[in-house]
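Peer 1: Attaching a single structure in structure tokens format; questions to follow.
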Amino acid sequence: MKFTKMHGIGNDYVYVNCFKETVTNPSAVAKFVSDRHFGIGSDGLILIKPSDVADCEMDMYNLDGSQGAMCGNGIRCVAKYAYDYGIIDKTSISVATKSGIKYLDLTLGDDGKVALVKVNMGSPILTANQIPIVSGKEQVINEPLDVDGTTYRITGVSMGNPHAIVYMDDIDNLEIEKIGPKFENHIDFPDRINTEFVKVIDRHTLQMRVWERGSGETLACGTGACAVAVASTLNGLVDEGEPVTVKLLGGDLQILWNPQENLVYMTGPATTVFDGEIDLSFLK
């Protein structure tokens, strides 16, 4: 199987061009290639497929083999791959995902390859049972949640996948490996949850760490950054309708949510690491 290793501010995936390749057991392939000791090393596997409704389709799998619906960093790399490797020859494209069709604008660098990608991430979902979060309220905004004997206040947002946002004064020293799984598998999150732990730096800047369902802590999460910008607006922590810089372990993303338009835009880089080929004949 030929592949390309790519990352969006450190959120790395193995990408396969399914216009040319066939992957028969993507869950097993995802688990193998994601292993950082015995495989290639990644947060998961993303297949770039032909689509009848968009320029291409993104089919993503987490490192535990579970299928994901959407990845903001991953879709930027899909767009870069599609342009740089000649699947498409235009700088405004559409990508079909399990969370619907996303529209992307590409900015080229001096080398003629994609450097930055702006993604129309669509509208956030705030209704609790659609996220889904078990709650007696229609929306979960700054609501208490007991996790392992400690009460946290969470805000729930879906960007095609579920997020719980928690604000803290110190996230650098957070033992995320201990608390992350307890949030992910909490009984109030029937489809599990991605959890963003956020520190407000100022009204235009947020810092976050993320525990992703099925992957653990990652260097970046694009849908998570979008969810954080939305949640921070709802909680009055950032200026409504103004761009927000979200600082992640792997780098920065620019997020804009205008509640009147109700669309979230994410802008960030996409990077190709290397191309390779791997023998998967032992996988049954």
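Yes/no matrix, rows are residues, columns are (1) touching a residue at least 60 places away in the same chain (Cβ under 8 Å); (2) at negative phi; (3) surrounded by fewer than 20 Cβ atoms within 10 Å (Cβ to Cβ); (4) touching a Gly at 6+ places or on another chain (Cβ under 6 Å):
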| site | (1), (2), (3), (4) |
| --- | --- |
| LYS182 | no, yes, yes, no |
| LYS199 | no, yes, yes, no |
| VAL228 | yes, yes, no, no |
| GLU242 | no, yes, yes, no |
| GLN254 | no, yes, yes, no |
| GLU277 | yes, yes, yes, no |
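Peer 1: Say we look at segment 21-71 and pick out the residues that are among the β-branched types (Val, Ile, Thr) and surrounded by fewer than 17 Cβ atoms within 10 Å (Cβ to Cβ); which of these is farthest from PHE3 (Cα to Cα)?
Peer 2: Kept after step one, since they are among the β-branched types (Val, Ile, Thr), are these residues of segment 21-71: 22-24, 29, 33, 40, 46, 48, 53.
From what's left, surrounded by fewer than 17 Cβ atoms within 10 Å (Cβ to Cβ): 22, 24, 53.
Numbers: THR22: 11, THR24: 15, VAL53: 24 Å.
So the residue we want is VAL53.
Peer 1: Take residues that are over 30 Å from SER34 (Cα atoms) and tell me which of the strands (runs of 3 or more DSSP E) falling wholly in segment 209-263 contain 3 or more. Can you show your working first?
Peer 2: Working: elements: 216-218, 244-248, 251-258.
Per the criteria, 251-258.
Peer 1: Any residue in segment 148-167 that's in contact (Cβ under 8 Å) with a residue 24 or more places away in the chain and more than 20 Å from ASN129 (Cβ to Cβ): show its pairings with residues that are open to solvent by less than 10 Å² (accessible area, probe 1.4 Å) and among the aromatic types (Phe, Trp, Tyr) at Cβ separation under 7 Å, as long as the two are six or more apart or on different chains.
Peer 2: The qualifying pairs are VAL166/PHE197.
Peer 1: Looking at segment 87-110, is at least one residue under 22 Å from PHE197 (Cβ atoms) and either crowded, with 22+ Cβ neighbours inside 10 Å or more than 16 Å from the chain's Cα centre (by Cα) (or both)? I'd like the intermediate steps shown before the answer.
Peer 2: Of all residues in segment 87-110, those under 22 Å from PHE197 (Cβ atoms) come to none.
The answer is no, given that none of the residues of segment 87-110 is under 22 Å from PHE197 (Cβ atoms) and either crowded, with 22+ Cβ neighbours inside 10 Å or more than 16 Å from the chain's Cα centre (by Cα) (or both).
Peer 1: Collect the residues in segment 157-194 that are part of a helix (DSSP H, G or I) and charged (D, E, K, R), keeping them in residue-number order.
Peer 2: Within segment 157-194, the subset part of a helix (DSSP H, G or I) is 176-184.
Selection gives GLU177, LYS178, LYS182, GLU184.
Peer 1: Right, another one. Sort through PHE189, PHE197 and tell me the only one that's closer than 18 Å to GLY250 by Cα and hydrophobic (A, V, I, L, M, F, W, C).
Peer 2: Just a single option satisfies the conditions, and that option is PHE197.
Peer 1: OK, next. Looking only at segment 123-156, filter to residues that are open to solvent by 90 Å² or more (accessible area, probe 1.4 Å) and in contact with a helix residue (DSSP H, G or I) (Cβ under 8 Å, 6 or more places away or on another chain); which one of those is nearest to HIS186 (Cα to Cα)?
Peer 2: Out of the qualifying residues, it is ASP148.
The values are calculated or read from the model by the stated rules, or taken from the named source; none is laboratory data. Since the model is a prediction, treat every value here as computed from it, not as a measurement. Note that we place each Cβ from the backbone using ideal geometry, even for glycine, and neighbour counts take in every protein chain shown. Just so you know, the surface numbers come from the protein's heavy atoms only, side chains and all, with ligands and any DNA or RNA stripped out. Shrake-Rupley method; radii C 1.70, N 1.55, O 1.52, S 1.80 Å.
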